[in-house]
Every structure is written in C-alpha cells, then in structure tokens.
1. Relative to the longest principal Cα axis of the chain, at what angle does helix 149-199 sit, 0 to 90 degrees, rounded to 10?
2. Expressed as cubic angstrom per residue, what is the convex hull volume of the alpha carbon set of the range 309-459?
3. Between Thr26 and Arg156, what's the calculated FRET efficiency when r is the beta-carbon distance and R0 is 22 Å? Round to 0.05.
4. Which whole-number percent of Cα pairs in the range 299-363 have a distance greater than 17 Å?
5. Reachable lysines from Lys118, Cα under 19 Å, same-chain residues fewer than 8 places away excluded?
6. Using every pair of alpha-carbon atoms in the chain, split the distances into 10 Å bins beginning at 0 and state the percent of pairs per bin, rounded to integers.
7. For the ranges 272-280, 364-372, what's the packing order if you count other beta-carbon atoms within 10 Å of each residue, average per peptide, and put the highest first?
8. Multiply the residue gap between Ser135 and Val18 by 0.36 nm, knock off their C-alpha separation, and tell me the result in nm, one decimal place.
Amino acid sequence: MRVKLTLYYLALLTAVLVFFSVAIYTYLARSLVTIIDDSLASTARNIERRMFQEEMSEDAYSPDHSEQMLVAPQVVQIISDDGTITDEPIPDKTHQLQVNLEELRRINDNLVHFSTIKLASGEQLRVAIQRTRESEGQFFFIRVGQSLSPLQKARRQLIILLAIAGPAALLLGSYGGLLLANQALFPVDRLTRAAEEIEAGDLSKRVQVPPKMDELGRLAITFNRMISRLQAAFERQRQFTADASHELRTPLAVMRGDIEIALRRDRKPEEYRSVLTSNLEETIRLSRLVEDLLMLARGDAGQTLLQCEPVALDGLCAQVAEYLTPLAEDKGQQLLYVPPIASPLKVNGDAQRLKQMLLNLLDNAIKYTPANGTVRLTLTQDQRDAVLSISDTGRGIPEEDLPHIFERFFRHSRSTSDKTVQGFGLGLSIVKWIVDSHGGKIIAESKVDKGTKFTVRLPLL
C-alpha cells in the first residue's frame with residue numbers, strides 16, 4: 001500500500017512538474033520576446049519623433065540627421081517609399097537584411113509590425129517595421145532589429161536548470177511521499193494490529209483515536225464501536241451457552257436419577273408409572289425450552305418469518321384474558337380486562353406471536369401475584385399507537401434488576417428465592433423480541449411489594 005501510494009504521488013508530482021516546467025518555459029520565452037518587441041517598438045517610435053522634430057524649419061526628412069536620432073546602437077534601417085535604403089547607421093548586420101518592397105507596401109498604417117528573420121550567418125533577428133507619417137507627400141519605413149542570441153542562450157540555460165531541478169524535486173518528492181504515506185498509514189497499521197489481536201480472541205483491545213477528527217479518526221471510533229458490539233455479543237453468547245447448558249443439565253440429571261433409582265430393583269407398576277409421568281413432565285418442559293431457544297436463535301439470525309396480517313387487538317386480548325381467567329381464579333386472583341373505548345384496534349402483525357406475547361406477560365403477572373391480588377389488562381389508543389398495559393399487585397421487581405429483565409435466562413432475586421415459581425427466564429426475552437419484530441416498544445415499571453406494570457406500544461394500521 002505504501003509503495004502504491006508513493007508511486008501515485010510520484011506520478012502526480014511528475015505530471016505537475018512537467019506541466020509547470022512547460023508553462024514556466026513558455027511564459028519566460030514569450031516574456032523575453034515581448035520585452036524585445038517593446039524595446040524595438042519604442043526605438044522605432046523614438047526614431048520617428050526625432051525624424052520630424054525638424055518640421056519647424058523644414059517638413060522633409062533629411063537623412064543627414066540619422067546618426068543623431070539613434071536612441072541605442074541597434075540594427076536600424078530607414079527605407080524610403082520606393083524601397084531605397086536612405087540610412088543604415090550600423091552596417092555590420094543591417095547589410096544582410098534584404099528589402100522586400102511588396103512586404104513594405106502591405107503596411108498602410110502607423111502600427112509596428114514584428115517578424116523574425118534568419119540571417120545568412122544563421123543568426124536570428126527580431127525585426128520591427130513602422131511606417132512614418134507623410135511629410136510633403138513622402139513617407140519612410142523604419143526597420144529596427146535585435147539579435148535573438150541572448151534570448152536563445154537564456155532559453156538553453158532555463159532548459160538546463162529545469163532538467164536539473166526536475167529530477168531533484170522528484171527525488172525529494174519521492175522521499176517526502178514515502179514519509180507522508182508512512183504517516184498517513186500509521187493509524188491504519190494500528191487498526192491492523194488491533195484487528196490481529198482481536199482475531200486472537202482479545203476483544204478488550206481498542207484502537208487509540210487520533211487527536212484529529214479526520215477520516216481515520218472517524219474510522220477508529222467506528223472500529224472501536226464495532227468491537228464493543230462484538231464483545232457484548234460474544235459475552236451474551238457465552239452467557240447464553242452457559243445458562244442453556246445449566247438449564248438443560250438440571251432436569252436431565254433429575255430424569256437420569258429417577259430412572260436409575262427405578263431400575264435398581266423390581267417395582268410395582270404404579271411406581272414405574274409415577275417415574276414415567278414425572279419424566280414426561282420434565283420432557284415437555286425441556287421441549288418447551290428447546291423450542292423457545294430455537295425461536296430466539298432464528299430471530300437473532302433473521303430467519304423467523306412473521307405471518308403478518310391485520311389483527312384486531314381487542315378481540316385477541318379478550319380471548320387471552322378469557323383463557324387465563326381460570327388460572328388466576330385457581331390462585332385466588334382477579335384477572336380484569338379493560339377494553340378500548342373505540343374498537344376494533346387493528347395492527348399489522350402475526351396473531352400467534354402477539355398471542356404468545358400476551359400469554360407470557362399475563363402468565364408472569366399471575367405467577368408473581370399472591371392470592372387476593374389483581375392482574376389488569378388494559379388496551380387503549382394513543383394517537384397512531386395501540387397501548388397494551390399489563391399490571392399486577394404482586395411482589396414487584398428490585399430496581400437494580402429492572403435493566404436486566406429482558407436478558408435471556410435472567411431471573412431476578414425475588415423470583416429465584418421462591419421455589420414454587422418455575423421458569424427458565426426466557427419469557428420476557430421472547431416478549432421483547434416479538435415487540436421489536438412488530439416495530440413496537442416495551443417499558444417495565446415496578447416497585448417492590450407494590451406490583452409491576454408492562455406497557456407495550458404497537459403501531460396501528
């Protein structure tokens with residue numbers, strides 16, 4: 001990755017250096033030509049002004065004054081309108097310049113015209129030609145030139161400079177790019193090392209979050225959150241496995257003990273029947289446990305499909321309340337159902353799962369409510385939600401246990417101390433899963449020795 005980043009960086013740096021080298025060379029070359037052109041144009045205009053300074057005494061131009069009119073020792077020719085060179089003060093180069101009368105006659109304005117001419121010696125001249133204004137029907141062409149040898153020398157020096165500076169910049173850039181790649185990938189290395197340690201089974205490790213909240217900082221935070229969720233999931237899985245093993249081991253041990261005792265000697269048929277009946281009850285209880293575990297496991301894996309359809313909650317609540325009333329009466333309790341004012345209240349859900357939710361909540365309330373107590377089921381409407389309330393006057397749940405009651409195999413301290421209450425601690429976990437699967441919410445409120453209240457909110461159709 002580092003090598004790839006460095007190569008990408010070098011490719012980009014090379015492209016930038018080539019672009020700017022060409023741009024600098026082109027700009028400087030044109031700038032130098034512009035400077036020469038400005039100098040030549042200024043010289044031509046100065047010559048024209050000096051030529052016509054004598055107009056106060058005479059209007060015609062006299063070639064005899066040309067030596068005094070030269071501003072600088074440049075290549076200069078003053079050509080009459082018939083193509084005759086009337087003045088050539090610096091003959092060492094100007095004599096190599098031929099007069100092209102057709103080219104001169106195409107100039108019919110007072111602007112300066114530029115061109116580059118190659119002499120017989122191979123030297124290049126930058127030439128400026130300007131036509132003077134007429135005086136007594138006569139006009140002249142001023143042609144000034146300057147050698148491009150200094151410009152060409154400067155260009156060669158610039159090419160050499162760029163040829164040396166470019167590779168040097170690339171060398172420094174490659175070193176800098178490698179340093180930058182190392183710096184940029186250092187947090188990624190830390191993430192990799194942390195992932196390797198986590199792979200070895202240590203989920204307590206966390207990645208150090210850099211002080212700058214950039215992309216890598218956000219990645220580190222996201223990674224840490226993911227590891228925290230994984231750690232919590234693994235802890236739940238460990239606890240779940242341990243609790244499931246414990247719940248299965250105890251009844252199996254009881255069944256085995258009963259069978260071993262029954263087989264130690266010959267017994268009466270009634271005694272064998274008693275052992276078999278006891279084992280059948282334990283088998284039914286274990287089957288229910290396995291079914292609950294399988295349902296929760298499928299729910300965690302997203303494999304449990306709900307058979308959703310419009311369900312009238314008021315009818316379902318009445319049915320469940322009627323079914324459990326005999327159980328409550330056997331314990332000397334009163335089970336009350338308070339229907340909604342407006343009915344029916346319909347939700348989109350799985351009728352069997354919703355019935356299971358109500359059965360679990362009401363069964364729990366009946367279990368933990370003493371004789372002469374009251375269990376109340378209320379159904380109301382709150383805006384776009386159906387609100388189910390299951391309350392009892394039972395023993396209540398300690399405040400420190402409330403946050404854990406929906407955890408699997410959790411049984412609060414007051415329930416475990418009562419040996420008459422049987423259960424695996426999966427009922428409320430199943431209730432929570434059913435409510436969540438229907439897009440609802442469940443809240444538990446409880447006070448010790450005053451009772452417990454569960455509130456379920458489900459979205460209405």
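1. Between helix and principal axis, roughly 10 degrees.
2. 103
3. 0.90
4. Summing the P(r) tail past 17 Å for the range 299-363 gives 49 percent.
5. Within reach: Lys93, Lys153.
6. Calculated P(r), rounded to whole percents: 3, 12, 13, 11, 8, 7, 6, 6, 5, 6, 8, 7, 5, 2, 1, 0, 0.
7. Going from most to least packed, we get 364-372, 272-280.
8. Net length gain for the segment: 36.7 nm.
No value in this document is a laboratory result; all are computed from the given coordinates. What you see is a predicted model, and the numbers here were worked out from it, not measured in a lab. Neighbour counts run over all protein chains shown; Cβ positions are idealised from the backbone, glycine included.
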